[in-house]
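Computed from the coordinates by the stated procedures, all read-outs in this text should not be read as laboratory data. Since the model is a prediction, treat every value here as computed from it, not as a measurement. Here the Cβ is made from the backbone with ideal geometry for all residues, glycine too, and neighbour counts use every protein chain on show.
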Amino acid sequence: MGIRFILMVNKQGQTRLAQYYEWLTLEERRALEGEIVRKCLARNEQQCSFVEHRNYKIVYRRYASLFFLVGVDNDENELAILEFIHLLVETMDRHFGNVCELDIMLHLEKAHFMLEEMVMNGCIVETSKANILTPVQLLEKT
Amino acid sequence: MGSQGGFYQSKEFLDLVKSIGEARSKAEEDRIVLNEIETLKRRISEPDIPKRKMKEYIIRLVYIEMLGHDASFGYIHAVKMTHDDSLLVKRTGYLAVTLFLNEDHDLIILIVNTIQKDLKSDNYLVVCAALNAVCKLINEETIPAVLPQVMELLAHPKEAVRKKAIMALHRFYQKSPSSVSHLVSNFRKRLCDNDPGVMGATLCPLFELIARDVNSYKDLVISFVSILKQVAERRLSKAYDYHQMPAPFIQIKLLKILALLGSGDKQASENMYTVVGDIFRKCDSSSNIGNAVLYECICCVSSIYPNPKLLESAADVISRFLKSDSHNLKYMGIDALGRLIKISPEIAEQHQLAVIDCLEDPDDTLKRKTFELLYKMTKSTNVEVIVDRMIDYMISINDNHYKTEIASRCVELAEQFAPSNQWFIQTMNRVFEHAGDLVNIKVAHNLMRLIAEGFGEDDDNADTKLRSSAVESYLRILGEPKLPSVFLQVICWVLGEYGTADGMFSASDITGKLCDVAEAYSNDETVKAYATTALMKIYAFEIAAWRKVDMLPECQSLMEELLASHSTDLQQRAYELQAVIGLDAHAVACIMPSDASCEDIEVDRDLSFLNDYIQEAIEKGAQPYIPESERSGMLNISNFRNQDHHEASSHGLRFEAYELPKPAVQSRIPQTLIASTEIVPVPEPMYPRESYQTTMPSIPSDAGSAELKLRLEGVQKKWGRSTYTPATSTSNSTSQKTVNGTSQGDGASTVSSMRETYDSRKPQVEVSHEKQKLAASLFGGSSKTEKRPATGHKAAKASSHVVEKSHVPKSSMEVASEKAAPAQQPPDLLDLGEPTATSTALQLDPFKQLEGLLDATEVASAVNGAPAASRSPDIMALYADTAAGIHNKNDADLLSGLSNPSVTNMPGTTAMPQVTQSSSKGPNPKDSLEKDALVRQMGVNPSSQNPNLFKDLLG
């Protein structure tokens, strides 16, 4: 299935966006997020951007104060996921213009809409920024 | 743009975001959210809420759940919102519902109707929104409700719809393959879609289909190859380019598919060689994404039928990865190496030092990956070093999940490659001592069997030595506090069987220890049971050897305690112990012969030896035996169990079939234990009665308990309880034999090789020397010592112009091999991946830079307003600047501005000069302007509590 979840968490460990592609209960999510964030925050920048956690592999990348964490299956190409994160950030940046944490907070639903265009059933289905953003921008005009 | 169109935001919402954004602790955040829950509970059920307002409430609900609190009180409103006419409101409703509900939630049924309606909409965006929801909310039962419409949409004129329809079908396939099995041909059709987006999406379901059934898709090899070729030749629209790479994510998916299709298929693989070779050549190895594609090429090459040229390219890439400074690339390199050594094992050799560096790296991720590699390359020549390292690492970590995994790997490798039984036992002891409760119980059984059976039939002396050393080590280990239960079971069993066998230790030594164990782990009934049986064995051996038995007082009191135990199993063992002690030497030697745990047990299931006795009894007027089934008025045991079981487990109808009878567990001792605990749910009062009834020969399971009382000397075998489950124990002994055969085959290596590796484990003064040794023991014999300098040289040549890291005290060879990728950009976490980025920028932490900038501008603006901003076009500086510029006069306005929606544009105009002045800041100055206005409206500014909120993510 590939991607199991996508999280955006700031460096205080506060969740800014969470999208799961398999169902977890609220408690499970909370526990998982806590554990993962603790693990990733403890790592320095020289270390790998990948962390194993239980049966997930977490690929994470930090942008300013915000961490993007993607939980994937074991046989996923970690480098590609790392670049997928970057593509996501670039896409948000194109839409918001100098995207920052606050943009995501203020437009949580838009960030989700973009993700919905990019990932379905845990698979990357769209990587063209134009294709990702068109539906979102059309929504704005309604 | 935040303030325009449907994306209206109220002050309340902005305040919420602001306070969450500025919360300094989880506790503070929780307080805010709990407050919010109270507010929303009140507000959301008010009548006539305008839909924009409602949309905002729903997003606030999303926040509540995202921050870990329950928002179920509002789910129904999200569901209602999906009915809305406005597209934005509807999509937000769908989004919220997919975030809140799982596919089995009761509310889903209310949405299916809406989805059905929306799938028929003329507006393709509505259709897309519904398809998104389909992918998340439709379960097996509701598939038929939407399937026909989804099928129609596969031919929709809009590519976005076709793409999502394909993914919906994919989802159905994942949920219930049978429900769409007749439709999978649609995936093939969509592969030829004109739109690359649809084609790219179709690769996802195809990948899964092919993974399940490769052979049905061999005909597509040519198509996939040709698509990949076109992608690599940049025939797709520029929109799919990412960092100058043509559609890399599609390339990767295609390579994954080819890897599956070409696996073990020479003909299919030959079609792929050219295109994969092309990609190897074309790929930009300086960008992350280029390396991601290269890595996927290696995976593909190592999966398909081998091609020497491609393997060579793969090996080149791997060595570049391993020599890189970037841990990410090293990680990928180690992983790739693990794939490639299956085909060309010799490749590992040239990278041995790099591998050892990774193994010793403090980075846990890298270390684990390296262990994975070592696991893959373990042979009988290097198993000792590798397992030793693994165990050391296992001891050092706390993560139980990984501990379990690595422990089972150690066991697996040790069982497979153990050079000697001695080593095996020592290794197992370490594993048990540190991860005993995490390993499979079977491992313990294997260990006991190995100690019992020893090397083989011929060398009794070696077996005795092995056992003595096991006993000795266990007596020592018993001194440790808190041993895992499984390990204690092994120890008790071994001490019982062989504790006194070599005469080194007296019975009172061993029994004393066993009593200590039973006392120290008095909560663990299994351990106590093992200890009691072990005690019985020791005493039995003593009696049989005509030695006088003096029961230790602590043993006496243990026995007395257990005689009254609540556990029938323990009680029975205690009674057996008591009975055995009272027997004479001859009887004891029969029922408990020493060192006979490996003997086959022949069970006379008809108990024919009792015939005379029965005959005699009947002649004296005793009642003949009535088989259980013919008895009335007496519950038989199995009924009893079933009832018990039913009451415990079922409250309604049972749908699943009854379990099959469990296959026999492999080892003997634990088996009897398991069997005895399982068979025992008979209520206690039955026990005496049963033992009298053993006169009736057809209840084999009673034989065990009857045995002691009846003194059935004619029974072939043996010590007490094994006869409890006669059928299985006989089958056990055969399986033991075969296992013994295999382990014998493995245990061929010599003691000298062991000594060699032990030496290499000793701490050496010179780091590199130790590493070389390690390398030699990992990667092969002494021949490698000559080879290593050669590789070192090669690397050194390649990197002669690289400045060596002076602060790392490593050997020159190592440094050379480490630094051999000179032009390589370290793909920093914050690396944009753009080749234009300068290396100096990469070295610095942009985050720190930003903070530095912030401070600088703040100080500057405090002193004299503006000029600091000119230093940098950075957004931080901009915000700091505008804040400094307007803050003073705005201080008062801000508050009033917040309550006044018309102010939205006003600060924007005031801010205009600054913003245009630094228009380099973003692609869209107008956007940033509005953003600026909005945040000021919120009363958040960069110098407030959480300046991070404003940081440009892309730096």
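The B:Glu554 and B:Ala622 beta-carbon pair, evaluated with R₀ = 35 Å, returns a calculated FRET efficiency of approximately 0.20. Modelled spin labels at B:Lys376 and B:Arg43, positioned 7 Å past Cα toward Cβ, are 5.5 nm from each other.
Note on region A:3-135: dipole from Cβ charges, positive end direction compared against A:Pro135, A:Leu17, A:Asn121; the farthest Cα belongs to A:Leu17.
Extending 7 Å from the Cα toward the beta-carbon at both B:Gln945 and B:Lys229 defines two label points whose distance is 6.2 nm. Computed over every Cα-Cα pair of region B:124-225 and binned at 10 Å starting from 0, the pair-distance distribution P(r) comes out as 15, 51, 29, 5 percent.
Roughly how far apart, in whole Å, are the Cα centres of region A:99-142 and region B:599-618? Here the answer is 80 Å between Cα centres. Checking the Cα-Cα distances for B:Lys323/B:Lys379; A:Lys110/B:Lys931; B:Lys18/B:Lys951; A:Lys39/B:Lys253; B:Lys90/B:Lys120; A:Lys57/B:Lys323 against a 18 Å cut-off, the pairs over it are B:Lys323/B:Lys379; A:Lys39/B:Lys253; A:Lys57/B:Lys323. Given +1 at the Cβ of Lys and Arg, -1 at the Cβ of Asp and Glu and no other charges, the dipole of region B:215-334 around its Cα centre is 120 debye to the nearest 20. Among B:Arg42, B:Arg320, the order by Cβ neighbours within 10 angstrom, fewest to most, reads B:Arg42, B:Arg320.
A crude spin-label estimate for the pair A:Glu35 and B:Asp278, with each label 7 Å from Cα along the Cβ direction, gives 4.5 nm. Explain nothing, just the number: relative contact order of chain A, from Cα pairs under 8 Å at least 6 residues apart, as a whole percent. RCO, chain A: 25 percent. Remark: relative contact order (region B:379-591) = 14 percent; criterion is Cα-Cα distance under 8 angstrom and separation of 6 or more residues.
Packing order of peptides B:210-217, B:426-433, B:471-478, highest average first: B:426-433, B:471-478, B:210-217 (average count of other Cβ atoms within 10 Å over each peptide's residues).
Here chain A is assigned +1 on the Cβ of each Lys and Arg and -1 on the Cβ of each Asp and Glu. Its dipole about the Cα centre then comes out at about 400 debye.
D by Stokes-Einstein for region A:7-100, Kirkwood Rh over Cα pairs, 4 °C, 1.567 mPa s: 94 µm²/s. Can you give the log10 of the normalised intensity I(q)/I(0) at q = 0.09, 0.17 Å⁻¹, computed with Debye over equal Cα scatterers of region B:379-591? Log-scaled intensity ratios, in q order: -0.38, -1.16.
Note on B:193-201: average number of Cβ atoms from other chains within 10 Å of each residue's Cβ is 3. Remark: mean inter-chain Cβ contacts per residue of B:54-64 equal 2, using a 10 Å Cβ-Cβ cutoff to other protein chain atoms. Here B:Gln578 and A:Glu28 are evaluated by their C-beta separation; at R0 = 45 Å the FRET efficiency comes out at 0.30.
Relative to one another, the C-alpha centroids of region B:510-583 and region A:1-80 are positioned 53 Å apart. In plain terms, the chain from B:Trp546 to B:Lys482 could stretch by 19.4 nm, reckoned as 0.36 nm per residue minus the Cα-Cα distance.
Exposure proxy for B:Phe424, B:Phe321, B:Phe207: other Cβ atoms within 10 Å of each Cβ, ordered fewest to most, give B:Phe207, B:Phe424, B:Phe321.
When its C-alpha radius of gyration is set against 2.2 N^0.38 Å (N residues), region B:501-567 gives a value of 1.10. A full extension of the chain between B:Glu630 and B:Cys598 corresponds to an added length of 7.6 nm, given 0.36 nm per residue minus the alpha carbon distance. Per residue of peptide A:109-120, the mean number of Cβ atoms on other chains within 10 Å of the residue Cβ is 5. Over region B:189-303, what is the mean sequence separation of C-alpha contacts under 8 Å (at least six apart), divided by residue count, expressed as relative contact order in percent? Computed value for region B:189-303: 25 percent relative contact order.
Among B:295-305, B:71-81, sorting by the average number of other beta carbon atoms lying within 10 angstrom of each residue, highest first, gives B:295-305, B:71-81. Could you list B:Lys164, B:Lys120 so that the one with the fewest beta carbons within 10 Å of its beta carbon is first and the one with the most is last? Lowest to highest Cβ neighbour count: B:Lys120, B:Lys164.
For region B:352-381 and region B:39-102, what is the separation of their Cα centres, given in Å? About 50 Å separates the Cα centre of region B:352-381 from the one of region B:39-102.
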